[in-house]
Protein chains: 2
Amino acid sequence: MFVIVTYDINEKRVDKVRRILRRYLSWVQNSVFEGEITIGKLEKCKKELQFVIVPEEDSIYFYIIENKNNYIKNVLGIEKDLDSYVY
Amino acid sequence: MFVIVTYDINEKRVDKVRRILRRYLSWVQNSVFEGEITIGKLEKCKKELQFVIVPEEDSIYFYIIENKNNYIKNVLGIEKDLDSYVY
């Protein structure tokens with residue numbers, strides 16, 4: 001299935017969240033990851049994130065699209081590939 | 001159709017982009033809007049955005065899901081409603 005993950009995370013924790021997400025999905029915009037993933041891996045990813053975030057402050061959305069034919073992506077401006085970004 | 005809009009916009013232009021998006025969709029995270037919209041309105045929204053952004057610097061993604069039954073949204077942490085945010 002295809003998943004889009006977006007987030008607003010406190011600056012103290014955002015690097016940790018990104019490091020987890022980078023192991024599962026592609027980093028395509030400052031606060032956005034996307035990609036194909038299995039249900040099992042998505043649940044594992046979520047569990048790791050739950051250890052890191054403060055639920056009362058941080059916000060992560062998972063838009064899950066079972067069939068990748070059921071969405072279209074349009075881009076205005078540049079399409080970013082932050083995976084090659086080293087920090 | 002349901003649309004998720006995510007963006008990385010230069011600080012000089014981000015307020016203008018948000019003002020346009022707020023007329024069409026719900027502001028649900030710092031760099032994310034979502035909601036139901038017609039093709040006609042989406043095209044109109046894109047045209048307005050094209051006048052504002054600098055394509056070599058800014059990035060806007062439109063994830064378009066024809067049928068709202070074809071996606072599921074999971075939330076970790078808080079679900080934000082920035083529409084009531086006045087600036």
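Bear in mind that the values in this text are calculations on the coordinates, not laboratory data. If you're wondering where the values come from, they're calculated on a predicted model, not measured in any experiment. Cβ atoms come from the backbone with ideal geometry, glycine included; neighbour counts cover every protein chain shown.
Summary of values
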item: Evaluation of B:L21 against (1) at the interface with chain A (Cβ under 10 Å from one of its Cβ atoms); (2) closer than 26 Å to B:L76 by Cβ; (3) part of a helix (DSSP H, G or I) (one fails), failing number; result: (1)
item: Considering residues of the range B:50-87 that are assigned to a helix (DSSP H, G or I) and loosely packed, with under 15 Cβ neighbours inside 10 Å only, the residue nearest to the other protein chains (Cβ to nearest Cβ); result: B:Q50
item: Filter result (part of a helix (DSSP H, G or I) and either more than 10 Å from chain B (Cβ to nearest Cβ) or over 12 Å from A:R13 (Cβ atoms) (or both)) within the range A:36-49; result: A:I39, A:G40, A:K41, A:L42, A:E43, A:K44, A:C45, A:K46, A:K47, A:E48
item: Test set (1) in contact with a Cys (Cβ under 8 Å, 6 or more places away or on another chain); (2) more than 14 Å from B:L76 (Cβ to Cβ) - A:V28 fails condition number; result: (1)
item: Those residues of the range B:26-35 which are in contact with a helix residue (DSSP H, G or I) (Cβ under 8 Å, 6 or more places away or on another chain) and either at positive phi or in a loop (DSSP other than H, G, I, E, B) (or both), in sequence order; result: B:N30
